Amino acid sequence: MKFLIDRCAGRRLAIWLREQGHDVWDASGAGPDPGDAALLEQAARESRILVTIDADFGTLIHVAGMEHAGMVRLPDVPAKRRIEIFAHLLMGHSDDLQERAIITVRGARIRVSKQKP
């Protein structure tokens, strides 16, 4: 799978995903922050699943109607648990991710919002 890892989601997660064989673009190593809209546009253009902890991307998608290629939000997942949670998501929700779903993890709860046809 292809991912765009937002700065706030962590470099360790980006490295781990690469080690698992995924195509990863890590925003933290790309110079100055271009802003949420630019990151979302890049992710959509490159068919990358955006990984973030930031709620602003949901507003850009649901309110502003911006295109996306899927998103994983980890708003209250501590950095030390992100890899463990992401491994679980890849095992149990790969199809959802490939179908451009928006997945939000809060505590032990995983919410999957799928695109409407």
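The values are calculated or read from the model by the stated rules, or taken from the named source; none is laboratory data. Quick caveat: nothing in here was measured; it's all calculated off a predicted structure. Here Cβ is always computed from backbone atoms with ideal geometry, including for glycine, and neighbour counts include all displayed protein chains. We work out accessible area using only protein heavy atoms, side chains counted, and drop any ligands, DNA or RNA first. Shrake-Rupley method; radii C 1.70, N 1.55, O 1.52, S 1.80 Å.
Side notes on the structure shown:
- Of all the residues in the range 46-57, those that are crowded, with 16+ Cβ neighbours inside 10 Å and at pLDDT 90 or above number 6.
- Of all residues making up the range 58-112, the number that are within 21 Å of Leu40 (Cα to Cα), touching a Gly at 6+ places or on another chain (Cβ under 9 Å) and open to solvent by 40 Å² or more (accessible area, probe 1.4 Å): 4
- In the range 77-110, the residues that are under 20 Å from Ile61 (Cα atoms) and among the acidic types (Asp, Glu): Asp96, Glu99
- Residue match in the range 105-112 (condition: at pLDDT 90 or above and assigned to a helix (DSSP H, G or I)): no
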